[in-house]
Amino acid sequence: MIRDAFNLQGKVAVVTGCATGLGQGMSLGLAEAGALIAGVYNKSTPTCGDEITSLGSRFVGIKADLADLAQIEKVVEATVEAYGRVDILINNAGIIRRQPALEFTRKNWDDVLDINLRALFFLCQAAAKRFVLQKSGGKIINIASMLSFQGGILVPSYTASKSGVMGLTRELACEWASENINVNGIAPGYMATENTRALQEDPVRSKDILKRIPANRWGQPDDLRGAVVFLASSASDYINGHTLAVDGGWLCR
Ligand code: NAD
């Protein structure tokens with residue numbers, strides 16, 4: 001039955017950046033579909049653990065600074081220690097720096113690329129190695145952006161990183177499809193989270209953005225639940241290298 005294909009009962013999902021915004025929303029969605037969650041965080045302890053447990057699922061928090069490659073390797077190890085396996089990786093952690101390109105600093109370049117692209121790649125690699133070892137296949141979902149498709153303004157390192165995320169998602173999908181590993185992306189539109197706080201608080205930009213969204217509202221973390229469960233489930237087994245926009249129609253405008 002097709003509805004059974006969306007069931008994630010007993011699957012183990014690693015979600016980076018699980019303590020806030022979209023990562024928290026996706027963790028809850030995956031748990032509602034039955035997945036056990038290994039939530040990666042770097043600052044405040046995630047509050048979604050209790051909610052996930054009350055859904056009848058399980059939550060383990062893994063503290064790691066993804067700017068540090070040594071800590072990235074430990075994420076998959078810690079998940080296997082907790083649950084015995086890994087089935088799903090959601091590469092959601094990401095940062096943004098806003099500064100005109102003419103003045104853009106080396107630090108604002110490196111910081112963003114290190115998290116949004118380097119950490120994402122090495123987490124993909126660590127998860128895929130585990131999937132191959134388990135002979136299980138697996139699902140990787142990389143969080144891209146509207147700026148995987150468009151240029152944006154004042155965010156050169158973010159646009160470069162998110163365009164890289166979409167390209168890398170295609171590349172890894174080609175390399176690993178034969179191992180039954182699906183690598184896909186989700187490109188959120190303008191979502192009301194910390195990442196977009198500066199835009200939400202800018203009366204001119206926020207009004208302009210809202211005017212251009214056909215759905216006539218900013219997105220919420222809950223809006224990603226359907227897409228993430230679909231791409232994490234066997235319902236999407238023949239989808240490889242695709243980045244799915246969840247944007248209230250922004251891109252088709
Ligand atoms: P957010 O700032 O709430 O989430 C980012 C998460 O990444 C946080 O939980 C943060 O702790 C984590 N993180 C940052 N640096 C880290 C590090 N060094 N080590 C470990 N974790 C780290 O914002 P969000 O909107 O929920 O962003 C989630 C993802 O969605 C990001 O990749 C972002 O680029 C992407 N995105 C957001 C929007 C939007 O409109 N909000 C749109 C497109 C894409």
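FYI, it's all coordinate maths here, none of it is from the lab. Quantities reported herein were computed from a predicted structural model and do not represent experimental measurements. Quick reminder, even Gly has a Cβ in these numbers, built from the backbone with ideal geometry, and neighbours come from all protein chains shown.
If you go through region 27-52 and keep only what is crowded, with 24+ Cβ neighbours inside 10 Å and among the polar types (S, T, N, Q), you end up with just SER27. Screening region 42-60 for residues that are of a type outside the set (S, T, N, Q) and free of Cβ contacts under 8 Å to residues at least 12 places away in the same chain and picking the one that is nearest to LEU30 (Cα to Cα) gives GLY56. Scanning region 135-142 for residues that are buried (at least 17 other Cβ atoms within 10 Å of the Cβ), within 14 Å of the ligand (Cβ to nearest atom) and in contact (Cβ under 8 Å) with a residue 24 or more places away in the chain turns up at least one hit. Would you confirm, using the coordinates I've provided, whether THR16 is surrounded by 24 or more Cβ atoms within 10 Å (Cβ to Cβ), within 8 Å of the ligand (Cβ to nearest atom), closer than 21 Å to GLY185 by Cβ and in contact (Cβ under 8 Å) with a residue 60 or more places away in the chain? Taking the combined requirement at face value, the residue satisfies it.
Beta carbons closer than 8 Å, at least 6 apart along the sequence or on distinct chains, pair a first residue in region 61-84 that is among the charged types (D, E, K, R) with a second that is in a loop (DSSP other than H, G, I, E, B) for LYS63/ASN42; ASP65/ASN42; LYS74/ALA64. Yes or no: VAL155 surrounded by 20 or more Cβ atoms within 10 Å (Cβ to Cβ) and under 21 Å from ASN116 (Cα atoms)? In short, yes. Taking the options ALA70, ALA101, name whichever one is loosely packed, with under 15 Cβ neighbours inside 10 Å, within 16 Å of the ligand (Cβ to nearest atom), over 19 Å from LYS139 (Cα atoms) and not polar (S, T, N, Q). From the options ALA70, ALA101, the qualifying one is ALA70.
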